[in-house]
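The values are calculated or read from the model by the stated rules, or taken from the named source; none is laboratory data. Just so you know, these numbers come straight off a predicted model, no measurement behind them. Neighbour counts run over all protein chains shown; Cβ positions are idealised from the backbone, glycine included. These area figures cover heavy atoms from the full protein model, side chains too; ligands, DNA and RNA do not enter into them. Shrake-Rupley method; radii C 1.70, N 1.55, O 1.52, S 1.80 Å.
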2 protein chains.
Amino acid sequence: MPLEYFDLRADHDIYPTRQPDRETWIERQDPVVWSDWSDAAPISRAETEFFDRNGYLVLKGLFEPEEIAALVDTASELRGALAGSDDPTVVTEPDSAAVRTIFRLERTHRLMDRLSRDRRLAGIARFLLGDEVSIHQSRLNYKPGFSGKEFYWHSDFETWHAEDGMPRMRAVSASLLLTDNRAHNGALMLMPGSHKTYVSCQGETPENNFENSLKRQEIGTPSQQSLSDLARMHGIEDAEGPAGTLVLFDCNTIHGSNGNITPQPRSNAFFVYNAVSNALVEPFAAEAPRPDHLAARGTPRPLSLHDGALV
Amino acid sequence: MPLEYFDLRADHDIYPTRQPDRETWIERQDPVVWSDWSDAAPISRAETEFFDRNGYLVLKGLFEPEEIAALVDTASELRGALAGSDDPTVVTEPDSAAVRTIFRLERTHRLMDRLSRDRRLAGIARFLLGDEVSIHQSRLNYKPGFSGKEFYWHSDFETWHAEDGMPRMRAVSASLLLTDNRAHNGALMLMPGSHKTYVSCQGETPENNFENSLKRQEIGTPSQQSLSDLARMHGIEDAEGPAGTLVLFDCNTIHGSNGNITPQPRSNAFFVYNAVSNALVEPFAAEAPRPDHLAARGTPRPLSLHDGALV
């Protein structure tokens, strides 16, 4: 682990949060795109600049229909097989036994393992982060029709820093849509440009906060005042697209999603890539780190990329 | 009251609902547009045909900015004045004292009275219904940012028929948007074409059902199977538009709205126009009629239209 991170932890925390008495805004201390663009980059210069400026990117048409069909079938199998499971990697809806999330997705099926290492995801992540990457967290998300619950606004990095000990903003999420996503069935909403500001949140982390925060996050979210200000400054964009659309977003981009009363479920395969040089240390604002399936600890293992079609 | 309605009530109900043992689909027995279009009509032929086919119509630019500004100010005043009120015309959010709905809107303020009789609303209603019109129900709706709750799918007519005794499908709702409405802040969702089918719902009406159904409707809603089928047949459209947009929809169009975690509230002034020949009788599927502020009873008083600007 580079010395700077050790010093950071020992001396002072540049991204303090979960303070009992106040909320503050701190300017981002890290680059968003850690590589210089060149013709060899896996995305265009315009896409790179868009991601840098907005903290997200929506890419369509990267996957073939038969690849998406195979992923959808596999996702359905996995949800069926794990319905009612009490394994900690399986999260259910607040009001029912329906599977909402399956963590460690790449360990559940060979196809999901290949997807996690696919150059179209992990290769872009490697470029954006300017480093080898490992998986910080992965999951299959499923938000049912009729009763899918909302997920409130937050920056992932705030939680990963506070509760997982992720030192710097050098991680990116890749969400591959497995259903058509529209604003009215709970598509991801992002505040473009919000990734340049770190909202240091008020409120100390309760013990085992993750047990509740995965269902309904309350600690580690910006105040309504901050969210109103950020939305007025940046607006809100909906990450809409057909199944097969890839949504990439920076670890500090404020995002959330509404509930969904439409009959149409929302599902995606979700991978968080972290730079291997950004390995986790002790949590910055929690007594104990979250479990390994929420935040992979130990020496990072750089992913070996998978080339070519998934199926 | 025309004899045909008396006969209808006495002999058999062509729109039976709230049956204990089953849900059924019944073909609509009434026209959607009750007038023949001519050059004198307040909407175009294409708009008339759109409404006939889809059961809704979104009209932009009918109101001047200063008219909308005056309505927004008045709405804000009314909500402030009635916050915490226990008057039955005032409904609050399930989880807070914030005003969600104010019924009998036209009686709260001269501007709202003028709006209720404005030719741009009531004149179009008169054309669509081919009759003089009276107000069946009116309200100011306000869905706050961050925590606005969803409103589940339903046909208004099903409730009005069952609980208010509205004989026929000869009523239209007019919603004038007082905030920008987008899918992601809980805009009205409609299933275009669903107004041609009457979903006779399963489940008997509990006593004083309206006390709960205004906050969270459970009785008088189609089954998930029916909603899935209707959505597959018809799709789902979002009634999006800037403040000042007018949304008209038929009494039997299936509609609902999602919750809203964005900071942006959603508000509208809402008037239900009923043909005076379609006066309420005894409820078709409830022990007692709902209160007068939810469904105006007695001899209908035809509205005298207001011409010209609101302010």
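Test of understanding: among B:L177, B:L188, B:L128, B:L140, which residue is within 14 Å of another protein chain (Cβ to nearest Cβ), in contact with a strand residue (DSSP E or B) (Cβ under 7 Å, 6 or more places away or on another chain) and crowded, with 20+ Cβ neighbours inside 10 Å?
On the way: B:L177 fails: within 14 Å of another protein chain (Cβ to nearest Cβ); B:L128 fails: within 14 Å of another protein chain (Cβ to nearest Cβ); B:L140 fails: within 14 Å of another protein chain (Cβ to nearest Cβ).
Of the residues listed, the single one that is within 14 Å of another protein chain (Cβ to nearest Cβ), in contact with a strand residue (DSSP E or B) (Cβ under 7 Å, 6 or more places away or on another chain) and crowded, with 20+ Cβ neighbours inside 10 Å is B:L188.
Of everything in the range B:258-269, what is away from every other protein chain (no Cβ under 14 Å) and either of a type in the set (K, R) or surrounded by fewer than 19 Cβ atoms within 10 Å (Cβ to Cβ) (or both)? Give them in sequence order. Before the answer, list the steps.
Restricting attention to the range B:258-269, the residues satisfying the condition of being away from every other protein chain (no Cβ under 14 Å) are B:267-269.
Across the range B:258-269, there are no qualifying residues.
Would you confirm whether any residue within the range B:290-308 is on the phi > 0 side of the Ramachandran plot and more than 14 Å from every other protein chain (Cβ to nearest Cβ)?
Looking only at the range B:290-308, we keep the residues that are on the phi > 0 side of the Ramachandran plot, and these are B:298, B:308.
Within this subset, residues satisfying the condition of being more than 14 Å from every other protein chain (Cβ to nearest Cβ) are B:298, B:308.
Among the residues of the range B:290-308, at least one is on the phi > 0 side of the Ramachandran plot and more than 14 Å from every other protein chain (Cβ to nearest Cβ), which makes the answer yes.
Residues are listed down the side, and each one gets a yes or a no for (1) in a strand (DSSP E or B); (2) open to solvent by 60 Å² or more (accessible area, probe 1.4 Å):
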residue	(1), (2)
A:E204	no, yes
A:E207	no, yes
A:N212	no, yes
A:L227	no, no
A:V247	yes, no
A:G256	yes, no
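B:W153 - would you say it is within 14 Å of chain A (Cβ to nearest Cβ) and either among the β-branched types (V, I, T) or within 13 Å of the chain's Cα centre (by Cα) (or both)?
On the way: within 14 Å of chain A (Cβ to nearest Cβ): yes; either among the β-branched types (V, I, T) or within 13 Å of the chain's Cα centre (by Cα) (or both): yes.
Spelling it out, B:W153 is indeed within 14 Å of chain A (Cβ to nearest Cβ) and either among the β-branched types (V, I, T) or within 13 Å of the chain's Cα centre (by Cα) (or both).
Confirm whether A:E47 is crowded, with 17+ Cβ neighbours inside 10 Å, in a helix (DSSP H, G or I) and at pLDDT 95 or above.
For A:E47, the condition - crowded, with 17+ Cβ neighbours inside 10 Å, in a helix (DSSP H, G or I) and at pLDDT 95 or above - is met.
Mind checking which residues of the range B:191-202 are outside any loop (DSSP other than H, G, I, E, B) and open to solvent by less than 70 Å² (accessible area, probe 1.4 Å)?
Residues of the range B:191-202 outside any loop (DSSP other than H, G, I, E, B): B:194-200, B:202.
Result: B:S194, B:H195, B:T197, B:Y198, B:V199, B:S200.
Mind listing whichever residues of the range A:287-304 are in contact with a Phe, Trp or Tyr (Cβ under 9 Å, 6 or more places away or on another chain) and of a type in the set (A, V, I, L, M, F, W, C)? Quick ask: steps written out before the conclusion?
First, pick out the residues of the range A:287-304 that are in contact with a Phe, Trp or Tyr (Cβ under 9 Å, 6 or more places away or on another chain): A:290-291, A:293-295, A:303.
Those that are in contact with a Phe, Trp or Tyr (Cβ under 9 Å, 6 or more places away or on another chain) and of a type in the set (A, V, I, L, M, F, W, C): A:L294, A:A295, A:L303.
Report whether or not B:A231 is among the hydrophobic types (A, V, I, L, M, F, W, C) and either away from chain A (no Cβ under 14 Å) or surrounded by 21 or more Cβ atoms within 10 Å (Cβ to Cβ) (or both). Before the answer, list the steps.
On the way: among the hydrophobic types (A, V, I, L, M, F, W, C): yes; either away from chain A (no Cβ under 14 Å) or surrounded by 21 or more Cβ atoms within 10 Å (Cβ to Cβ) (or both): no.
Spelling it out, it is not the case that B:A231 is among the hydrophobic types (A, V, I, L, M, F, W, C) and either away from chain A (no Cβ under 14 Å) or surrounded by 21 or more Cβ atoms within 10 Å (Cβ to Cβ) (or both).
What number of residues within the range A:88-106 are open to solvent by 10 Å² or more (accessible area, probe 1.4 Å) and in contact with a helix residue (DSSP H, G or I) (Cβ under 7 Å, 6 or more places away or on another chain)?
2
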